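Step one of this worksheet: look at the structure below.
The values are calculated or read from the model by the stated rules, or taken from the named source; none is laboratory data. Please read these numbers as outputs of a predicted model, since none were measured by experiment. Using ideal geometry, Cβ is built from the backbone for each residue, glycine included, and neighbour counts are taken over all protein chains shown.
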């Protein structure tokens, strides 16, 4: 091989090597997103505002009955359970609790006895409590509202889609 062919081969090999990708043009940063709703800080008074949930709540749908039992507030916890059944068998059960947790209030649901999923309290008003978990597939929002007839528990996605309401009367 001749000396003057070497630079030509070197240039040809360099042309075959991967090149650095083109650098994108600088882009202005996006406008700041609206910050996620911050859970209210827990105080004994906040948790006491949820005491109205205590009691036995019943929903009848044909042959099936769903009952939610909530013990009175004791310490920093409301303990609850949900049980759907008919004359033949239990169709569903869930262990529930609302408790103070690291400066917030959380609703913890353990369907079928599974590990609990936490939903943070985001709204508390007289007769209304809303709990949310953005990371959960479904539901992402659990809403309890006292009504003239009793209590309505509604589960949904954060945007309100796939809403299912459970209308309970107090027993």
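Any idea which of 169, 76 is exposed (fewer than 15 other Cβ atoms within 10 Å of the Cβ), in contact with a helix residue (DSSP H, G or I) (Cβ under 8 Å, 6 or more places away or on another chain) and either within 16 Å of residue 49 (Cβ to Cβ) or touching a residue at least 60 places away in the same chain (Cβ under 8 Å) (or both)?
76
So, in the range 37-73, of the ones that are assigned to a loop (DSSP other than H, G, I, E, B) and loosely packed, with under 10 Cβ neighbours inside 10 Å, which residue ends up modelled with the lowest pLDDT? Taking the candidates together, the pick is 38. Considering the conditions (1) free of Cβ contacts under 8 Å to residues at least 60 places away in the same chain; (2) crowded, with 18+ Cβ neighbours inside 10 Å, residue 120 is excluded by exactly one of them, (1).
Among the residues of the range 145-163, those identified as exposed (fewer than 11 other Cβ atoms within 10 Å of the Cβ) and more than 16 Å from residue 119 (Cα to Cα) are 148, 149, 161. The set of residues in the range 94-115 that are surrounded by fewer than 15 Cβ atoms within 10 Å (Cβ to Cβ), free of Cβ contacts under 8 Å to residues at least 40 places away in the same chain and over 19 Å from residue 157 (Cβ atoms) comprises 102, 112, 113, 114, 115.
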